[in-house]
Amino acid sequence: MIRIFLNGLAASSGSGLTYLHNVVPHLSALPNVRTILAVQPALKDNFENFPGVTLICPPETLTTLRRFWFEQRRLPDLIRKSQADVLISAGNFALKNSPVPQILLSGNSLYTSADFRRDLRSRGEYGMLADNFYKGMLAKKSVRWADLTITPSEAFASELRRWTSKSVLALHHGFDGATFFADSRPLSREMEKEFEESGACLRLLFVSHYNYYRNFETLIRALPLICEKLKSKKVKLLLTCKLKRGANPGAYDATDARRLVQKLGVSEHVVELGAVPYACIHQLYRRCHIYVTPAYAETFAHPLVEAMACGLPVVASDIPVHREVCGEAARYFQCFSVAALADTVANIAQSADLNSQLVAAGRERSAQFSWAGHVQHLLSQISVVSMHSQPATLQTHLHLGRTSFP
């Protein structure tokens, strides 16, 4: 029996939450694996009914600083009491003195991104710049504290190797089509009403809460050019966020983005849907025509795989992670080039052949990502890490765990 302590206290939105929602069910389904999962109280209902999973929740939601204190001071004792064989730290920060072998899942490229630092300076976000610097130093130390660091892409692994001079392993996140498309519940009535009122139009989709590194402003600036190039078509940009202060996770201020929408006169083209429940987001993808992401920093970008699986051609900023995930199944534009973004969208919208080519390539590409495969490789790495510090009995159990996959 393998006992895994999975520290998911940092997961609140985005890729961290996506990771837990997909990996925990796979771990739960393995008869020779027991998982002790630490999550914030708000997520308790999401994971309390999985067999083979024991939940640990602090009495109240922890802020970043309090979470770090809790992890460094309280978590080691909880790990010992759980009799875990290995710790998986899923929040970019590792325990300095883990009582068991530790695998760090590192997934925040902002600590190494020069573009993010420039962006923060240009916005006058000096507090956020300092916060990113100090958290980056902790993330850098965490790579050194961990027995093994794993990233979701080779592009980000290369960055971490240069930054830390440590060995880092790339292990792609997965995609499970059967699970992703399983829920048949419709979109909310408000969202359905938006589709009814907009009628026939070209719908561009960008799935993200508002933040700076997803580069919303470049996409907004491209909208007038897209509309100009596609004069015969009405264009709508659908966002899964609200462009207003305080409506998104973190301290990102969307006020300037809203002002830009108004200044450019594209308010009628921008639809702010707000957060869409993950279980039914496939319904949204399928109601749109082109997926667009102008992000300048990413570590994996799950929506790209989801969009490809849903049959959307992808337009993505030309950064290494996007090319690694999409390959030939997307068209790329220079990251901050408004004109190049508009041209790329217009080319796909005006060419049925190119559209069909990208859709077919995207479906094929998305099928190459697997959560079951991810978990299999993760267990293999647990075996490797534990082999250097655990008794032979555990090594045998871990080896047998690898053979349980189809």
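Here are some notes:
- Residue check for residue 240: under 25 Å from residue 313 (Cα atoms), of a type in the set (S, T, N, Q) and free of Cβ contacts under 8 Å to residues at least 60 places away in the same chain: yes
- Those residues of the stretch 162-205 which are over 22 Å from the mean Cα position of the chain (by Cα) and outside the structural domain of residue 266 (by TED's automatic domain parsing), in sequence order: 162, 164, 165, 166, 167
- Checking 27, 37 one by one, the residue that is assigned to a helix (DSSP H, G or I), under 25 Å from the mean Cα position of the chain (by Cα) and crowded, with 21+ Cβ neighbours inside 10 Å is 27 and no other.
- Complete set of residues in the stretch 107-142 that are touching a residue at least 60 places away in the same chain (Cβ under 8 Å), of a type in the set (S, T, N, Q) and part of a helix (DSSP H, G or I): 109
- For the stretch 162-175, filtering for residues that are surrounded by 17 or more Cβ atoms within 10 Å (Cβ to Cβ) and not in a strand (DSSP E or B) leaves 6.
- Elements of type helices (runs of 4 or more DSSP H) contained in the stretch 176-289, each with 2 or more residues being at pLDDT below 90 and more than 24 Å from residue 308 (Cα to Cα): 189-198
- Taking the stretch 60-71 as the range and being in contact (Cβ under 8 Å) with a residue 24 or more places away in the chain and over 14 Å from residue 135 (Cβ atoms) as the test, the residues that pass are 62, 70.
- Qualifying residue in the stretch 101-108 (condition: over 25 Å from residue 34 (Cα atoms) and modelled with pLDDT under 95): yes
- Residues in the stretch 333-358 that are closer than 26 Å to residue 176 by Cα and either small (Gly, Ala, Ser) or surrounded by 17 or more Cβ atoms within 10 Å (Cβ to Cβ) (or both): 355, 356, 358.
The values are calculated or read from the model by the stated rules, or taken from the named source; none is laboratory data. As the structure is a computational prediction, the values presented were derived from the model and not from experiment. Here Cβ is always computed from backbone atoms with ideal geometry, including for glycine, and neighbour counts include all displayed protein chains.
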